[in-house]
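Trainee: I am attaching a structure below and will ask some questions about it afterwards.
The values are calculated or read from the model by the stated rules, or taken from the named source; none is laboratory data. Predicted model only: the values in this text are computed from it and were never measured. Virtual Cβ from ideal backbone geometry, glycine too; neighbours counted across all protein chains shown.
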Amino acid sequence: MRIAIPSKDNKGLESEVSEHFGRAKYFTFVDIEGNEIKGAKVVEVPFDEHQPGDLPNFIKEHGGQVVLAYGMGHRAVQYFNSLGIEVVTGAYGRVKDIVEAFIHQVLEVDENWREKGDFGKHEH
């Protein structure tokens with residue numbers, strides 16, 4: 001399985017999750033086998049501005065099957081789902097920590113993330 005996480009910087013597993021999926025400059029792609037992290041790769045987002053569908057297609061092209069993010073607009077979640085990619089929102093903290101928590105099914109998410117930002121309120 002390959003998990004994609006929007007990241008604040010290019011430190012891979014040591015990065016913090018970017019609060020806003022659509023503004024992340026980097027994505028950390030983490031490969032999982034069984035219950036273990038087998039590798040991680042940081043990919044810089046290749047565009048400064050994006051249209052609906054650009055980021056989901058970018059994740060799909062890099063083999064992402066699950067996205068762990070903090071905040072994400074409703075349309076982006078729908079687009080991911082249409083590509084067969086699972087989305088978990090409300091994830092926060094260090095990339096390695098949230099991936100390990102997800103693997104072991106103990107990931108704690110911020111259920112109130114929608115109230116803390118402008119998610120889904122910006123225009124394209």
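Trainee: Out of the residues in region 47-79 that are of a type in the set (Phe, Trp, Tyr) and over 22 Å from Ile103 (Cα atoms), state the one that is farthest from the chain's Cα centre (by Cα).
Mentor: Phe47
Trainee: Something else now. Among the residues of region 20-46 satisfying the criterion of being of a type in the set (Asp, Glu) and in contact with a Lys or Arg (Cβ under 8 Å, 6 or more places away or on another chain), which is farthest from Val99 (Cα to Cα)?
Mentor: Only one residue tops the list, namely Glu44.
Trainee: Out of all the residues in region 26-47, is one or more within 20 Å of Leu107 (Cα to Cα) and among the polar types (S, T, N, Q)?
Mentor: yes
Trainee: Continuing with this model, one more query. Would you check which residues across region 100-114 are in contact (Cβ under 8 Å) with a residue 12 or more places away in the chain and over 8 Å from Gly90 (Cα atoms) and list them?
Mentor: Glu100, Phe102, Ile103, His104, Leu107, Arg114
Trainee: Cβ contacts < 7 Å: first residue farther than 16 Å from Val17 by Cβ, restricted to region 48-77; second residue at pLDDT 85 or above and assigned to a helix (DSSP H, G or I), any location; separation 6+ or different chain. Result?
Mentor: Once the first residue is farther than 16 Å from Val17 by Cβ and sits in region 48-77, its partners that are at pLDDT 85 or above and assigned to a helix (DSSP H, G or I) give Pro52/Arg75; Pro52/Tyr79; Gly53/Tyr79; Pro56/Ala76; Pro56/Tyr79; Pro56/Phe80.
Trainee: Right, another one. Restricting attention to region 12-33, which residues are at pLDDT 90 or above and surrounded by fewer than 16 Cβ atoms within 10 Å (Cβ to Cβ)?
Mentor: Within region 12-33, Glu14, Lys25, Asp31, Glu33 meet the criteria.
Trainee: Having 3 or more residues that are among the aliphatic types (A, V, I, L, M), on the phi < 0 side of the Ramachandran plot and touching a helix residue (DSSP H, G or I) at 6+ places or on another chain (Cβ under 7 Å) is the bar; report the strands (runs of 3 or more DSSP E) wholly within region 1-77 that clear it.
Mentor: Once the strands (runs of 3 or more DSSP E) in region 1-77 are filtered for at least 3 residues that are among the aliphatic types (A, V, I, L, M), on the phi < 0 side of the Ramachandran plot and touching a helix residue (DSSP H, G or I) at 6+ places or on another chain (Cβ under 7 Å), what remains is 2-7, 36-44.
Trainee: Quick check on my filter: what residues within region 62-75 are closer than 21 Å to Pro46 by Cβ, modelled with pLDDT under 95 and surrounded by fewer than 22 Cβ atoms within 10 Å (Cβ to Cβ)?
Mentor: Listed by number, the residues that qualify are Gly73, Arg75.
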